[in-house]
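K.L.:
What follows is a single structure, and I will ask about it in a moment.
What follows draws every value from the coordinates through simple rules; no lab data is involved. What you are looking at is a predicted structure, and each value in this text was computed from that prediction instead of being measured. Here the Cβ positions follow ideal geometry from the backbone for every residue, glycine too, while neighbour counts run over all protein chains shown.
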Amino acid sequence: MASLFQACSSSSATPLLLAKRVFSLASSPFIFTSGHNIPRHYSSFRASTSASASASASTSVCVDLKEVRSTDLVNLEYAELNLKYKISEELGHVRIRQHVNPLSSSFSTPAPVPAWDEVYKDPSLPLMVDIGSGSGRFLLWLAKKNAESGNYLGLEIRQKLVKRANFWVNELGLSNVHFIFANAMVSFEQLISSYPGPLELVSILCPDPHFKKRHQKRRVVQKPLVNSILQNLKPGGKIFVQSDVLEVAQDMRDQLDEEAKVLRHVDTVDTEEGWLMANPMGIRTEREIHAELEGARIYRRLYQKV
Ligand SMILES: C[S@@+](CC[C@H](N)C(=O)[O-])C[C@H]1O[C@@H](n2cnc3c(N)ncnc32)[C@H](O)[C@@H]1O
């Protein structure tokens, strides 16, 4: 059976990746226009945006990044999903409170376990779980690319995002992706231990708004969740974490490094100071797109269970 991870890594370039590459190719006038077979080169974006500001020879770059809204970049990167944004009065304008507190009592009830054979066509396929799946576009994209080889599950604490993501699942006619309104800190074990197939990949990507030290307890990656992931992950299964907040990334890294007996850090792409320089999944998450547009660095680590 194809590995979810390998399958993800070999997907084709998206319009935004092409556009991003164009940003770094100062001589190209073809901003946001297609050009095929341009190699994926995630890490070039930040470097190239700052480089383009300073390099006099590059001043012919005709994109003023201030004019590029990150929502437009997200839409462009995910253009092939062709998602409807105006869905209904209830979901058409998904306004979401910026942060929720996962320790509040309203998020303490475990999410009900679904009938897996009702949510997936083949519930014996390898599973990828994305913790804090946000809008869900990232998983929808992966699920569409790998429709036959794996199932995808998003756990998200903001209910409106989950409703809209599941609406999109139906719109796209996908039978290998599902989103559950859940506090991953409370529900991961019960949900995932009941899944009939192997757990192959867990991603936790830009998980937290709670980067302040005093809110550390609200961070999603805590010892019980790490234990549960390790317990359920198949041998050879992977954990991919990233954050644009160094302290959050270091915290996740430190907790996963502590599990060195069962987890080893793997480099599939170049690293700098132990951080992966590129997202190995074939597409960036929304938060990643927003952060990179602002010039932030993304700190990534990939682990494999021995
Ligand atoms: C900054 S967003 C990132 C979303 C997406 N992973 C991305 O990279 O674009 C973090 C997401 O994690 C969700 N989240 C935070 N704590 C959570 C928890 N305990 N359980 C489930 N989701 C959580 C938030 O609601 C939010 O949608």
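K.L.:
If each residue of separation counts as 0.36 nm, what is the full-extension length gain between H99 and T71 once their alpha-carbon separation is subtracted?
P.N.:
Taking 0.36 nm per residue and subtracting the Cα distance, the gain is 8.2 nm.
K.L.:
Need the full-extension length gain, Q159 to S193, defined as separation in residues times 0.36 nm minus the C-alpha distance. One decimal, nm.
P.N.:
Length gained, Q159 through S193: 10.0 nm.
K.L.:
Counting alpha carbon pairs within less than 8 Å and at least 6 residues apart, what relative contact order, in whole percent, applies to the stretch 143-253?
P.N.:
Working: 123 pairs, mean separation 27.6, N = 111.
For the stretch 143-253, the relative contact order is 25 percent.
K.L.:
Then there is this: Could you order the peptides 107-114, 228-235 from most to least packed, using the average number of other C-beta atoms within 10 Å per residue?
P.N.:
Highest-to-lowest ranking by the protection proxy: 228-235, 107-114.
K.L.:
I've got another one for you. If you wrap a convex hull around the Cα atoms of the stretch 240-295, how much volume per residue is inside, in Å³?
P.N.:
Working: hull volume 5.2 nm³, N = 56.
Spread over its residues, the Cα hull of the stretch 240-295 gives 93 Å³ apiece.
K.L.:
Could you check the simple spin-label distance between D117 and K213, using points 7 Å along Cα→Cβ, in nm with one decimal?
P.N.:
So the label points at D117 and K213 sit 5.4 nm apart.
K.L.:
Still on this model: Against the empirical 2.2 N^0.38 Å scaling, what ratio does the C-alpha Rg of the stretch 105-161 come to?
P.N.:
The reported ratio for this selection is 1.21.
K.L.:
I would also like to ask the following. Please give, to one decimal in nm, the separation of the simple spin-label points placed at E272 and S124, each 7 Å out from Cα toward the Cβ.
P.N.:
4.6
K.L.:
Taking 0.36 nm per residue of sequence separation and subtracting the Cα-Cα distance, how much length would be gained by fully extending the chain between Q231 and E80, in nm to one decimal?
P.N.:
Full-extension gain reported as 50.8 nm.
K.L.:
Please report, to two decimal places, log10 I(q)/I(0) for the stretch 169-275 at q = 0.10, 0.13, 0.23 Å⁻¹ as given by the Debye formula with identical point scatterers on the Cα atoms and no solvent.
P.N.:
Here log10 of I(q) over I(0) equals -0.33, -0.56, -1.43.
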